[in-house]
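The values are calculated or read from the model by the stated rules, or taken from the named source; none is laboratory data. Because the structure is predicted, anything quoted here is derived from the model rather than measured. Cβ: placed from backbone, ideal geometry, glycine included. Neighbour counts: every protein chain shown. The protein model used for the area step is the full one, side chains on, heavy atoms only, and it has no ligands, DNA or RNA in it. Shrake-Rupley method; radii C 1.70, N 1.55, O 1.52, S 1.80 Å.
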Amino acid sequence: MTDEPLLEVRGAGHRYGNRYGCRDVDFDLWPGEVLAVVGESGSGKSTLLGTVAQRLAVTEGSIHYRQAGAEAVDLAKLSESAVRRLWRTEWGFVHQDAADGLRMHVSAGGNVGEPLMATGWRHYGRIRAAAAQWLQRVEIPVDRIDDPPATFSGGMRQRLQIARSLVLSPRLVFMDEPTSGLDVSVQARLLDLIRSLVAELGLAVVIVTHDLAVARLISHRTLVMKDGRVIESGLTDRVLDDPQAPYTQLLVASAPDPDNLGSALRGSARRAQGSQGASARRNPEGVPAAGCPFSPRCPFADDRCRQDDPPLMQISPTRGAACWHLDIAAPEVVAAP
(Lines give C-alpha, C1' and ligand atoms only; values in the text may rest on other atoms or scores of the structure.)
Protein backbone atom coordinates (compact mmCIF):
# COMPACT_ATOMS: atom_id res chain seq x y z
CA MET A 1 0.00 0.00 0.00
CA THR A 2 0.99 3.63 -0.60
CA ASP A 3 0.79 6.42 1.95
CA GLU A 4 -2.17 8.00 0.12
CA PRO A 5 -5.66 6.56 -0.44
CA LEU A 6 -6.84 5.70 -3.92
CA LEU A 7 -10.38 6.87 -3.21
CA GLU A 8 -11.55 9.51 -0.70
CA VAL A 9 -15.30 9.75 -0.03
CA ARG A 10 -16.50 12.61 2.17
CA GLY A 11 -20.15 13.20 3.07
CA ALA A 12 -21.25 11.65 -0.23
CA GLY A 13 -24.90 11.18 -1.04
CA HIS A 14 -27.38 10.68 -3.86
CA ARG A 15 -31.00 11.81 -3.96
CA TYR A 16 -33.89 10.34 -5.92
CA GLY A 17 -36.09 13.42 -6.10
CA ASN A 18 -36.91 14.30 -2.48
CA ARG A 19 -35.67 10.98 -1.13
CA TYR A 20 -32.11 10.01 -0.24
CA GLY A 21 -30.70 6.80 -1.67
CA CYS A 22 -27.58 7.26 0.43
CA ARG A 23 -26.19 10.16 2.48
CA ASP A 24 -23.33 11.31 4.68
CA VAL A 25 -21.00 8.48 3.62
CA ASP A 26 -17.31 8.79 4.50
CA PHE A 27 -14.51 6.33 3.79
CA ASP A 28 -11.04 5.98 2.29
CA LEU A 29 -10.02 3.09 0.04
CA TRP A 30 -6.36 2.19 -0.26
CA PRO A 31 -4.55 0.37 -3.08
CA GLY A 32 -4.85 -3.39 -2.58
CA GLU A 33 -7.74 -3.05 -0.10
CA VAL A 34 -11.16 -4.72 -0.34
CA LEU A 35 -14.08 -2.81 1.20
CA ALA A 36 -17.39 -4.64 1.69
CA VAL A 37 -20.69 -2.74 1.88
CA VAL A 38 -23.36 -4.84 3.61
CA GLY A 39 -26.97 -4.41 4.68
CA GLU A 40 -30.47 -5.60 3.96
CA SER A 41 -32.34 -4.92 0.71
CA GLY A 42 -33.10 -1.22 0.34
CA SER A 43 -30.30 -0.12 2.66
CA GLY A 44 -28.60 1.98 -0.03
CA LYS A 45 -25.71 -0.36 -0.87
CA SER A 46 -26.17 -0.35 -4.63
CA THR A 47 -26.93 3.38 -4.69
CA LEU A 48 -23.66 4.04 -2.90
CA LEU A 49 -21.79 1.79 -5.34
CA GLY A 50 -23.37 3.53 -8.32
CA THR A 51 -22.56 6.95 -6.87
CA VAL A 52 -18.91 6.12 -6.19
CA ALA A 53 -18.63 4.54 -9.64
CA GLN A 54 -20.12 7.68 -11.26
CA ARG A 55 -23.10 5.80 -12.63
CA LEU A 56 -25.24 8.03 -10.43
CA ALA A 57 -24.65 11.71 -9.74
CA VAL A 58 -23.03 12.87 -6.51
CA THR A 59 -25.72 15.22 -5.20
CA GLU A 60 -23.89 16.12 -1.99
CA GLY A 61 -20.40 15.70 -0.58
CA SER A 62 -17.37 14.78 -2.67
CA ILE A 63 -15.54 11.78 -4.10
CA HIS A 64 -11.86 12.14 -5.01
CA TYR A 65 -9.95 9.54 -7.01
CA ARG A 66 -6.18 9.43 -7.34
CA GLN A 67 -5.33 8.67 -10.97
CA ALA A 68 -2.16 6.80 -11.89
CA GLY A 69 0.77 9.21 -11.61
CA ALA A 70 -1.49 12.19 -10.89
CA GLU A 71 -3.11 14.16 -8.10
CA ALA A 72 -6.50 13.24 -6.71
CA VAL A 73 -9.38 14.61 -8.79
CA ASP A 74 -12.97 15.42 -7.83
CA LEU A 75 -14.98 12.91 -9.85
CA ALA A 76 -18.04 15.17 -9.97
CA LYS A 77 -16.00 17.77 -11.86
CA LEU A 78 -14.74 15.40 -14.56
CA SER A 79 -16.28 15.49 -18.01
CA GLU A 80 -18.18 12.49 -19.33
CA SER A 81 -15.29 11.67 -21.68
CA ALA A 82 -12.81 11.74 -18.76
CA VAL A 83 -15.02 9.34 -16.75
CA ARG A 84 -15.30 7.04 -19.78
CA ARG A 85 -11.50 7.10 -20.04
CA LEU A 86 -11.27 5.94 -16.43
CA TRP A 87 -13.64 3.07 -17.21
CA ARG A 88 -11.52 2.05 -20.20
CA THR A 89 -8.16 2.23 -18.42
CA GLU A 90 -8.36 2.22 -14.60
CA TRP A 91 -11.78 0.90 -13.46
CA GLY A 92 -13.70 -2.34 -13.79
CA PHE A 93 -17.26 -3.35 -12.86
CA VAL A 94 -18.64 -6.81 -12.09
CA HIS A 95 -22.43 -6.88 -12.26
CA GLN A 96 -24.80 -9.01 -10.22
CA ASP A 97 -26.27 -10.35 -13.46
CA ALA A 98 -23.44 -11.36 -15.78
CA ALA A 99 -25.70 -10.62 -18.77
CA ASP A 100 -25.40 -6.91 -17.89
CA GLY A 101 -21.61 -7.06 -18.20
CA LEU A 102 -21.22 -9.41 -21.16
CA ARG A 103 -22.27 -9.54 -24.78
CA MET A 104 -24.15 -12.81 -24.52
CA HIS A 105 -24.00 -13.82 -28.19
CA VAL A 106 -20.38 -12.83 -28.80
CA SER A 107 -17.72 -15.47 -28.20
CA ALA A 108 -15.94 -15.69 -24.84
CA GLY A 109 -12.71 -14.64 -26.53
CA GLY A 110 -14.48 -11.71 -28.16
CA ASN A 111 -15.85 -10.56 -24.80
CA VAL A 112 -12.39 -10.53 -23.25
CA GLY A 113 -10.73 -9.08 -26.35
CA GLU A 114 -13.20 -6.23 -26.86
CA PRO A 115 -11.76 -3.98 -24.10
CA LEU A 116 -8.28 -4.52 -25.58
CA MET A 117 -9.48 -3.38 -28.99
CA ALA A 118 -11.17 -0.35 -27.41
CA THR A 119 -7.77 0.76 -26.11
CA GLY A 120 -5.92 0.35 -29.40
CA TRP A 121 -4.98 -3.34 -29.71
CA ARG A 122 -5.24 -4.40 -33.35
CA HIS A 123 -3.19 -7.58 -33.78
CA TYR A 124 -5.67 -10.49 -33.86
CA GLY A 125 -3.14 -13.07 -32.70
CA ARG A 126 -2.10 -11.01 -29.66
CA ILE A 127 -5.70 -10.29 -28.72
CA ARG A 128 -6.68 -13.96 -28.97
CA ALA A 129 -3.61 -15.03 -26.99
CA ALA A 130 -4.41 -12.52 -24.22
CA ALA A 131 -8.02 -13.71 -24.15
CA ALA A 132 -6.91 -17.34 -23.89
CA GLN A 133 -4.54 -16.46 -21.05
CA TRP A 134 -7.31 -14.76 -19.11
CA LEU A 135 -9.72 -17.64 -19.66
CA GLN A 136 -7.11 -19.87 -18.07
CA ARG A 137 -6.69 -17.48 -15.14
CA VAL A 138 -10.41 -17.54 -14.37
CA GLU A 139 -10.58 -21.32 -14.80
CA ILE A 140 -12.55 -21.48 -18.05
CA PRO A 141 -11.34 -24.18 -20.47
CA VAL A 142 -9.52 -22.55 -23.38
CA ASP A 143 -11.39 -24.77 -25.81
CA ARG A 144 -14.51 -22.72 -24.94
CA ILE A 145 -12.91 -19.54 -26.32
CA ASP A 146 -15.20 -19.50 -29.37
CA ASP A 147 -18.38 -20.33 -27.43
CA PRO A 148 -20.80 -17.51 -26.50
CA PRO A 149 -21.61 -16.87 -22.81
CA ALA A 150 -25.22 -17.83 -23.54
CA THR A 151 -24.00 -21.44 -23.48
CA PHE A 152 -22.14 -21.06 -20.15
CA SER A 153 -23.31 -21.86 -16.63
CA GLY A 154 -23.95 -19.03 -14.15
CA GLY A 155 -20.59 -19.48 -12.46
CA MET A 156 -18.72 -19.54 -15.77
CA ARG A 157 -20.48 -16.36 -16.89
CA GLN A 158 -19.38 -14.56 -13.72
CA ARG A 159 -15.79 -15.75 -14.16
CA LEU A 160 -15.86 -14.57 -17.79
CA GLN A 161 -17.20 -11.19 -16.65
CA ILE A 162 -14.30 -10.96 -14.19
CA ALA A 163 -11.84 -11.72 -16.99
CA ARG A 164 -13.41 -9.01 -19.17
CA SER A 165 -13.23 -6.52 -16.28
CA LEU A 166 -9.61 -7.27 -15.35
CA VAL A 167 -7.99 -7.77 -18.76
CA LEU A 168 -6.80 -4.13 -18.81
CA SER A 169 -5.31 -4.37 -15.29
CA PRO A 170 -7.58 -1.80 -13.62
CA ARG A 171 -6.59 -0.22 -10.31
CA LEU A 172 -10.14 -0.11 -8.92
CA VAL A 173 -12.94 -2.66 -9.35
CA PHE A 174 -16.58 -2.33 -8.31
CA MET A 175 -18.54 -5.54 -7.62
CA ASP A 176 -22.33 -5.61 -7.18
CA GLU A 177 -23.46 -8.86 -5.49
CA PRO A 178 -21.17 -11.03 -7.69
CA THR A 179 -22.18 -14.30 -5.96
CA SER A 180 -25.94 -13.69 -5.83
CA GLY A 181 -28.02 -16.52 -7.24
CA LEU A 182 -25.14 -18.99 -7.47
CA ASP A 183 -25.00 -22.38 -5.75
CA VAL A 184 -22.96 -22.48 -2.55
CA SER A 185 -20.17 -24.57 -4.09
CA VAL A 186 -20.02 -22.23 -7.11
CA GLN A 187 -19.94 -19.20 -4.79
CA ALA A 188 -17.00 -20.64 -2.86
CA ARG A 189 -15.05 -21.25 -6.06
CA LEU A 190 -15.78 -17.75 -7.35
CA LEU A 191 -14.78 -16.13 -4.06
CA ASP A 192 -11.52 -18.06 -3.97
CA LEU A 193 -10.81 -16.80 -7.49
CA ILE A 194 -11.61 -13.17 -6.58
CA ARG A 195 -9.46 -13.36 -3.47
CA SER A 196 -6.47 -14.78 -5.36
CA LEU A 197 -6.74 -12.20 -8.17
CA VAL A 198 -7.01 -9.32 -5.68
CA ALA A 199 -3.83 -10.51 -3.96
CA GLU A 200 -1.99 -11.21 -7.22
CA LEU A 201 -2.89 -7.96 -8.99
CA GLY A 202 -3.04 -5.62 -5.99
CA LEU A 203 -6.57 -4.51 -6.83
CA ALA A 204 -8.63 -2.10 -4.78
CA VAL A 205 -12.21 -3.39 -4.63
CA VAL A 206 -15.55 -2.07 -3.41
CA ILE A 207 -17.94 -5.03 -3.15
CA VAL A 208 -21.65 -4.83 -2.30
CA THR A 209 -23.16 -7.94 -0.71
CA HIS A 210 -26.00 -8.95 1.59
CA ASP A 211 -24.04 -12.06 2.61
CA LEU A 212 -21.89 -11.49 5.69
CA ALA A 213 -19.91 -14.65 4.95
CA VAL A 214 -18.81 -13.12 1.63
CA ALA A 215 -17.67 -9.97 3.43
CA ARG A 216 -15.72 -12.03 5.95
CA LEU A 217 -13.99 -14.13 3.32
CA ILE A 218 -12.62 -11.46 1.00
CA SER A 219 -12.82 -7.98 2.58
CA HIS A 220 -10.43 -6.09 4.83
CA ARG A 221 -12.97 -3.50 6.02
CA THR A 222 -16.75 -3.38 6.13
CA LEU A 223 -19.41 -0.66 6.04
CA VAL A 224 -22.84 -1.61 7.42
CA MET A 225 -25.69 0.41 5.88
CA LYS A 226 -29.28 1.02 6.93
CA ASP A 227 -31.73 3.33 5.13
CA GLY A 228 -28.95 5.02 3.16
CA ARG A 229 -26.65 5.71 6.12
CA VAL A 230 -23.54 4.00 7.43
CA ILE A 231 -24.48 2.46 10.78
CA GLU A 232 -21.12 0.86 11.56
CA SER A 233 -17.67 0.65 10.00
CA GLY A 234 -14.37 -0.99 10.80
CA LEU A 235 -12.10 -3.94 10.16
CA THR A 236 -14.26 -6.81 8.93
CA ASP A 237 -13.37 -9.33 11.62
CA ARG A 238 -14.00 -6.73 14.36
CA VAL A 239 -17.35 -5.66 12.90
CA LEU A 240 -18.61 -9.24 12.51
CA ASP A 241 -17.12 -10.73 15.69
CA ASP A 242 -17.74 -7.72 17.91
CA PRO A 243 -20.65 -5.67 16.51
CA GLN A 244 -21.33 -2.43 18.38
CA ALA A 245 -24.49 -0.99 16.81
CA PRO A 246 -27.75 -2.87 17.60
CA TYR A 247 -28.58 -3.11 13.89
CA THR A 248 -25.26 -4.83 13.16
CA GLN A 249 -25.89 -7.17 16.08
CA LEU A 250 -29.24 -8.08 14.53
CA LEU A 251 -27.65 -8.71 11.12
CA VAL A 252 -25.03 -11.01 12.65
CA ALA A 253 -27.60 -12.89 14.70
CA SER A 254 -29.85 -13.29 11.65
CA ALA A 255 -27.13 -14.85 9.48
CA PRO A 256 -27.99 -18.40 8.29
CA ASP A 257 -25.03 -19.85 10.17
CA PRO A 258 -24.09 -17.36 12.89
CA ASP A 259 -21.49 -19.72 14.38
CA ASN A 260 -19.33 -18.91 11.38
CA LEU A 261 -19.52 -15.21 12.17
CA GLY A 262 -18.18 -15.25 15.72
CA SER A 263 -19.87 -15.38 19.09
CA ALA A 264 -19.45 -11.90 20.52
CA LEU A 265 -22.45 -10.04 21.90
CA ARG A 266 -24.90 -12.89 21.23
CA GLY A 267 -27.00 -11.76 24.19
CA SER A 268 -27.47 -8.25 22.82
CA ALA A 269 -28.09 -9.63 19.34
CA ARG A 270 -30.77 -12.01 20.60
CA ARG A 271 -32.45 -9.20 22.49
CA ALA A 272 -32.47 -7.07 19.36
CA GLN A 273 -33.83 -9.96 17.28
CA GLY A 274 -36.49 -10.86 19.82
CA SER A 275 -37.79 -7.33 20.13
CA GLN A 276 -37.95 -6.31 16.50
CA GLY A 277 -41.32 -4.85 15.70
CA ALA A 278 -42.19 -4.33 19.37
CA SER A 279 -41.76 -0.58 19.13
CA ALA A 280 -42.24 -0.22 15.38
CA ARG A 281 -43.67 3.18 14.47
CA ARG A 282 -43.21 3.91 10.80
CA ASN A 283 -44.45 6.44 8.31
CA PRO A 284 -46.27 5.22 5.14
CA GLU A 285 -42.93 4.68 3.37
CA GLY A 286 -41.84 2.26 6.12
CA VAL A 287 -38.98 4.47 7.32
CA PRO A 288 -38.86 6.48 10.56
CA ALA A 289 -39.84 10.05 9.86
CA ALA A 290 -37.00 11.26 12.10
CA GLY A 291 -34.30 9.87 14.31
CA CYS A 292 -32.29 6.68 14.04
CA PRO A 293 -33.45 4.53 11.11
CA PHE A 294 -33.29 1.42 13.32
CA SER A 295 -35.30 2.90 16.21
CA PRO A 296 -38.59 1.09 15.36
CA ARG A 297 -36.88 -2.28 15.89
CA CYS A 298 -34.21 -1.46 18.45
CA PRO A 299 -34.63 -2.70 22.05
CA PHE A 300 -32.58 0.24 23.35
CA ALA A 301 -34.52 3.01 21.58
CA ASP A 302 -35.84 5.95 23.58
CA ASP A 303 -37.27 9.36 22.70
CA ARG A 304 -33.87 10.76 21.75
CA CYS A 305 -33.36 7.89 19.28
CA ARG A 306 -36.76 8.53 17.70
CA GLN A 307 -36.10 12.25 17.35
CA ASP A 308 -32.37 12.66 16.61
CA ASP A 309 -30.34 10.74 14.04
CA PRO A 310 -27.07 9.63 15.70
CA PRO A 311 -23.83 10.47 13.88
CA LEU A 312 -21.19 7.87 13.13
CA MET A 313 -19.13 8.07 16.33
CA GLN A 314 -15.44 7.19 16.26
CA ILE A 315 -14.94 4.53 18.94
CA SER A 316 -11.38 3.57 17.95
CA PRO A 317 -8.92 4.59 15.22
CA THR A 318 -10.46 1.98 12.89
CA ARG A 319 -14.04 1.69 14.20
CA GLY A 320 -17.17 3.77 14.00
CA ALA A 321 -20.79 3.14 15.01
CA ALA A 322 -23.95 5.25 14.90
CA CYS A 323 -25.87 4.74 18.15
CA TRP A 324 -26.83 6.95 21.09
CA HIS A 325 -26.60 3.98 23.47
CA LEU A 326 -23.29 2.28 22.74
CA ASP A 327 -22.74 2.10 26.50
CA ILE A 328 -25.79 -0.21 26.71
CA ALA A 329 -25.72 -1.97 23.35
CA ALA A 330 -21.95 -2.59 23.61
CA PRO A 331 -21.07 -2.10 27.28
CA GLU A 332 -17.31 -2.34 26.84
CA VAL A 333 -17.35 0.71 24.57
CA VAL A 334 -17.35 4.22 25.97
CA ALA A 335 -19.24 6.32 23.44
CA ALA A 336 -17.96 9.71 22.40
CA PRO A 337 -19.86 12.55 24.09
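Considering every residue within region 176-192, establish whether at least one is farther than 30 Å from Cys298 by Cβ, assigned to a strand (DSSP E or B), touching a Gly at 6+ places or on another chain (Cβ under 9 Å) and not polar (S, T, N, Q).
no
Any residue that is open to solvent by 10 Å² or more (accessible area, probe 1.4 Å) and part of a strand (DSSP E or B) - is there at least one of those in region 38-61?
Among the residues of region 38-61, at least one is open to solvent by 10 Å² or more (accessible area, probe 1.4 Å) and part of a strand (DSSP E or B), which makes the answer yes.
Counting just the residues of region 120-152 that are in a loop (DSSP other than H, G, I, E, B) and touching a residue at least 12 places away in the same chain (Cβ under 8 Å), which one comes out surrounded by the most Cβ atoms within 10 Å (Cβ to Cβ)? Write out each step before concluding.
Of all residues in region 120-152, those in a loop (DSSP other than H, G, I, E, B) come to 120-123, 138-141, 145-148, 152.
Checking which are touching a residue at least 12 places away in the same chain (Cβ under 8 Å) leaves us with 138-140, 145-148, 152.
Details: Val138: 20, Glu139: 14, Ile140: 22, Ile145: 17, Asp146: 10, Asp147: 15, Pro148: 16, Phe152: 19.
The selected residue is Ile140.
In region 19-37, which residue that is acidic (Asp, Glu) and part of a strand (DSSP E or B) is surrounded by the most Cβ atoms within 10 Å (Cβ to Cβ)?
Residues of region 19-37 acidic (Asp, Glu): 24, 26, 28, 33.
Imposing the further condition that a residue be part of a strand (DSSP E or B) reduces the set to 24, 26, 28.
Values: Asp24: 18, Asp26: 15, Asp28: 15.
Result: Asp24.
When region 60-84 is examined, which residues are found to be touching a residue at least 24 places away in the same chain (Cβ under 8 Å) and β-branched (Val, Ile, Thr)?
Passing the criteria: Ile63, Val83.
Identify the residue in region 162-191 that is within 19 Å of Leu48 (Cα to Cα) and β-branched (Val, Ile, Thr) and, among all such residues, is modelled with the lowest pLDDT.
Among them, the one singled out is Thr179.
Quick check: anything in region 257-267 open to solvent by 20 Å² or more (accessible area, probe 1.4 Å), over 22 Å from the mean Cα position of the chain (by Cα) and at pLDDT 55 or above?
no
Which numbered condition trips up Arg10, out of (1) modelled with pLDDT under 95; (2) open to solvent by 10 Å² or more (accessible area, probe 1.4 Å)?
All conditions are met except number (1).
Got at least one residue in region 179-188 being open to solvent by less than 10 Å² (accessible area, probe 1.4 Å) and of a type in the set (A, V, I, L, M)?
No, every residue in region 179-188 fails to be open to solvent by less than 10 Å² (accessible area, probe 1.4 Å) and of a type in the set (A, V, I, L, M).
Test Trp87 against the criterion of being over 26 Å from Leu212 (Cβ atoms), outside any loop (DSSP other than H, G, I, E, B), modelled with pLDDT under 95 and open to solvent by 20 Å² or more (accessible area, probe 1.4 Å), and give yes or no.
Details: over 26 Å from Leu212 (Cβ atoms): yes; outside any loop (DSSP other than H, G, I, E, B): yes; modelled with pLDDT under 95: yes; open to solvent by 20 Å² or more (accessible area, probe 1.4 Å): yes.
Answer is yes for this residue.
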